[in-house]
Amino acid sequence: MPKTTEQQPAPEHPFAAFIRILGKGKSSTRSLNQSEARQAFTMILRGETEPLQLGAFLMLLRVKEETPEELAGFVEACRENMLAPPAGLSADLDWSSYAGKKHQHPWFILAILLVTQAGHRVFIHGAKGHTPGRLYTEDAMRELNLPVASDWIEVSLQLEKQSLSYLPLEAFCSPLETLIQLRPLLGLRSPVNTLSRLLNPLRATASLQSIFHPAYARLHLESDRLLGQCRTTVFKGDSGEVEIKPHADTTVHRLEDGEMDQFLLPRALPDRATSVDAPSVEPLRALWQGKSDDPYGLNASLATTASALMVIRPELDYQSAQQQATQLWKNRDLTRLS
């Protein structure tokens, strides 16, 4: 009789070890340490994993909930594998914008203009299109003729001329952009939506971040502390964007030189605001040019400006920062958004 050839088991894929760490069971599973997280995410960014492995990895993290060590390792992997900015390119404030506006107009863009008016360089990075029914920052800035770059060279020129530049994530870390776009397939946001806010590609001393859920504030700050970030401000903003909601009390969480604190920013408006039918940039243009009076938009813009000024200049208290924001508003160039 002919001999049967015994089929040999396939060798274990190198990435399987990381899935095993996360999914071994209640008694044996554990979180990744920072080094393991960096190694695992490096493999993901370099396309060295199978689609089945990627989905399992992201959802195991989602169910377990990511740790600061994991997020810090993921960010380190992104920084090591992204298209690096030119040496010497810098900004005063890193502004992450990955959520898109759903309930209100993108008033935070007016805050960004006021911060640049104060002489500070603001670099914005973000992604769009992953959640339907939202107005994303890239599109809003294009409609307002504000600087959107296609690469780091353009970022450098825009920061030099206008102290402001937006660079889409896909322009400097396209594998991470691909992961963000998996949301419709997975049905859930993954840890990618959190770590992207921590990227700070230009290593700005000050970072301003928004969260969807209050419990994530400490996670952001502890991750930034592991990454050596000097100053970070985190709060739950409207629709997940960096925008103070004037109709709600806001807890502002801060990291400065490794120390964390927080303060409560009371609501400026007594009644809850009604959601807009569709977010638009036209109300921003009208308010900026003095053609309309919108208490919600003005309060959101000024409070967000004050929060940004405080993280850039930690010697400021909120009252002083609010006064400066108000003065910047009074002195704004009314033709800026013509």
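The values are calculated or read from the model by the stated rules, or taken from the named source; none is laboratory data. Computed from a predicted model, the values in this text were never measured in an experiment. Positions of Cβ are generated from backbone atoms using ideal geometry, with glycine treated the same way; all protein chains shown enter the neighbour counts.
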What number goes with the only condition from (1) touching a Ser or Thr at 6+ places or on another chain (Cβ under 7 Å); (2) hydroxyl-bearing (Ser, Thr, Tyr); (3) surrounded by fewer than 21 Cβ atoms within 10 Å (Cβ to Cβ) that Tyr166 does not pass?
(3)
For the range 178-196, name all the residues that are in a loop (DSSP other than H, G, I, E, B) and more than 18 Å from Leu71 (Cα to Cα).
Gln181, Leu182, Gly187
Given the options Arg203, Arg197, name the one that is closer than 21 Å to Thr232 by Cα and surrounded by fewer than 22 Cβ atoms within 10 Å (Cβ to Cβ).
Arg203
So in the range 127-165, with the set limited to residues that are touching a Pro at 6+ places or on another chain (Cβ under 7 Å) and in a strand (DSSP E or B), which one is nearest to Glu243 (Cα to Cα)?
Leu135
Kindly provide the set of residues from the range 283-308 that are more than 21 Å from His247 (Cα to Cα) and touching a residue at least 40 places away in the same chain (Cβ under 8 Å), ordered by number.
Arg285, Gln289, Gly290
Number of the exception - Arg79 against (1) within 30 Å of Arg121 (Cβ to Cβ); (2) basic (Lys, Arg); (3) modelled with pLDDT under 95:
(3)
When you scan the range 212-267 for strands (runs of 3 or more DSSP E) that lie fully inside it, which ones turn up with 3 or more residues that are in contact (Cβ under 8 Å) with a residue 24 or more places away in the chain and closer than 25 Å to Arg134 by Cβ?
231-236, 250-256
Just to be sure, is Asp238 surrounded by 19 or more Cβ atoms within 10 Å (Cβ to Cβ), within 30 Å of Ile44 (Cα to Cα) and in the same structural domain as Asn299 (by TED's automatic domain parsing)?
no
Matching residues, the range 187-202, being at pLDDT below 90 and either of a type in the set (Lys, Arg) or under 22 Å from Ala84 (Cβ atoms) (or both)
Arg189
Quick check, is Glu70 of a type in the set (Asp, Glu), in a helix (DSSP H, G or I) and crowded, with 21+ Cβ neighbours inside 10 Å?
yes
